[in-house]
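> A single structure is presented below for examination.
The values are calculated or read from the model by the stated rules, or taken from the named source; none is laboratory data. Not measured: the values here are computed from a predicted model. Cβ coordinates were reconstructed from backbone atoms using ideal geometry, including for glycine residues, and neighbour counts include every protein chain displayed. In case anyone asks, the SASA skips ligands and DNA or RNA and just uses the protein heavy atoms, side chains included. Shrake-Rupley method; radii C 1.70, N 1.55, O 1.52, S 1.80 Å.
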Amino acid sequence: MRVSILQLDIAWQSPAENISRAEALLELHAQADLYVLPEMWTTGFAVRPQGVAEEENQSEGLLWMRRIARERGCAVSGSLAIRDADGCYRNRHYFVTPDSVSFYDKHHLFTHAHENEYYTAGASPVIAEWQGMRFLLQTCYDLRFPVFSRYGRAGEYDAIIYVANWPSARMLAWNTLIRARAIENQCYVVAVNRIGNDPAAEYSGGSVVLDPLGRELSVADAVIDADRLKTMREKFRVLPDRD
């Protein structure tokens, strides 16, 4: 499976502009099976969602993801600020294919920026499947909590997708932890961060696809292989010994 990273410079709270930017990036990475965008890719990390988050059934970003998936026969992943049917705000990580829409609501809300005061946390992880590969969906701050991605689920997925707005000031943590998640779970990691600036921080990307040994495959386009993963897990059997 060919994976393409769409490392976006997100225009602050401008969905139409960000859709245009995503479309332009997409044209530079043609023929991928999976495209991955950052966290809250249509708005930037909007901690206060009032007037910013979209109703799910009217979301321009989600409509675009569904259109691209249908037209290109691919999957598209990324998170959006959404107002749910129950009136709650969600940082919702979508995984869209031509025939389905899966989503995971961010569980570890970023209390340092008061995200927890405005958004409702998701209850559990979500695994989405596409072309024989199983993807665990995770969002930004989740990266700091290894038990959430591992316990009881390690081995049940082939890759973890992390979408993020991770500031430049904490890039050492980003670079260290994404590799740790790949190594400890013996899985691929697709980690997609934004670039540019918003009113709160500067972002320097660091997006990458890692193999199950934590080695960099690509910072743009990579091939991930379920058969190769199975061989690596069988050759060096770590996961059966997990807690």
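> When the stretch 1-45 is examined, which residues are found to be touching a Ser or Thr at 6+ places or on another chain (Cβ under 7 Å) and modelled with pLDDT under 95?
His29
> Also, quick follow-up: Looking only at the stretch 115-133, count how many residues are over 16 Å from Glu39 (Cβ atoms), of a type outside the set (Ser, Thr, Tyr) and exposed (fewer than 15 other Cβ atoms within 10 Å of the Cβ).
Residues in the stretch 115-133 being over 16 Å from Glu39 (Cβ atoms), of a type outside the set (Ser, Thr, Tyr) and exposed (fewer than 15 other Cβ atoms within 10 Å of the Cβ): 4 in total.
> Hey, another quick one. Determine, yes or no, whether Gly61 is of a type in the set (Gly, Ala, Ser), surrounded by 20 or more Cβ atoms within 10 Å (Cβ to Cβ), assigned to a strand (DSSP E or B) and at pLDDT 95 or above. Before you say what the answer is, go through the steps one by one.
On the way: of a type in the set (Gly, Ala, Ser): yes; surrounded by 20 or more Cβ atoms within 10 Å (Cβ to Cβ): yes; assigned to a strand (DSSP E or B): no; at pLDDT 95 or above: yes.
No, not satisfied.
Matching residues to (1) in contact with a Phe, Trp or Tyr (Cβ under 7 Å, 6 or more places away or on another chain); (2) open to solvent by 20 Å² or more (accessible area, probe 1.4 Å); (3) not basic (Lys, Arg):
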residue: Gly73; (1), (2), (3): no, yes, yes
residue: Val76; (1), (2), (3): yes, no, yes
residue: Ala85; (1), (2), (3): no, yes, yes
residue: Asn91; (1), (2), (3): yes, no, yes
residue: Tyr94; (1), (2), (3): yes, no, yes
residue: Ser149; (1), (2), (3): no, no, yes
residue: Gly155; (1), (2), (3): no, yes, yes
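> A further question follows. Could you check Arg233 against (1) part of a loop (DSSP other than H, G, I, E, B); (2) touching a Pro at 6+ places or on another chain (Cβ under 8 Å) and say which number it fails?
Only one criterion is unmet by Arg233, namely (1).
> Follow-up. When you scan the stretch 23-56, how many residues do you find that are hydrophobic (A, V, I, L, M, F, W, C), in contact (Cβ under 8 Å) with a residue 24 or more places away in the chain and in a loop (DSSP other than H, G, I, E, B)?
Of the residues in that region, 9 qualify.
> Somewhere in the stretch 223-235, is a residue hydroxyl-bearing (Ser, Thr, Tyr), under 18 Å from the mean Cα position of the chain (by Cα) and either closer than 21 Å to Ser77 by Cβ or open to solvent by 10 Å² or more (accessible area, probe 1.4 Å) (or both)?
No - not one qualifying residue is present in the stretch 223-235.
> Looking at the stretch 192-212, is at least one residue touching a His at 6+ places or on another chain (Cβ under 8 Å) and assigned to a loop (DSSP other than H, G, I, E, B)?
The first filter runs over the stretch 192-212 and keeps only residues touching a His at 6+ places or on another chain (Cβ under 8 Å), leaving none.
Scanning the stretch 192-212, I find no residue that is touching a His at 6+ places or on another chain (Cβ under 8 Å) and assigned to a loop (DSSP other than H, G, I, E, B), so the answer is no.
> Return the total of residues in the stretch 174-195 being surrounded by 18 or more Cβ atoms within 10 Å (Cβ to Cβ) and out of contact with any helix residue (DSSP H, G or I) (no Cβ under 8 Å at 6 or more places or on another chain).
5
> For the stretch 32-58, which positions are more than 17 Å from the chain's Cα centre (by Cα) and open to solvent by less than 10 Å² (accessible area, probe 1.4 Å)?
So in the stretch 32-58, the residues more than 17 Å from the chain's Cα centre (by Cα) come out as 47-58.
Across the stretch 32-58, the qualifying residue is only Pro49.
> While we're looking at this one, here's another question. Cβ-Cβ distance below 7 Å, separation of 6 or more or different chains: which pairs start in the stretch 1-22 with a residue that is more than 19 Å from Ile82 (Cα to Cα) and free of Cβ contacts under 8 Å to residues at least 60 places away in the same chain and end on one that is open to solvent by 30 Å² or more (accessible area, probe 1.4 Å) and part of a strand (DSSP E or B)?
That search, which allows pairs on different chains as well, returns Arg21/Asp9.
> Taking the stated definitions as given, is Ser100 open to solvent by 40 Å² or more (accessible area, probe 1.4 Å) and at pLDDT 95 or above?
For Ser100, the condition - open to solvent by 40 Å² or more (accessible area, probe 1.4 Å) and at pLDDT 95 or above - is met.
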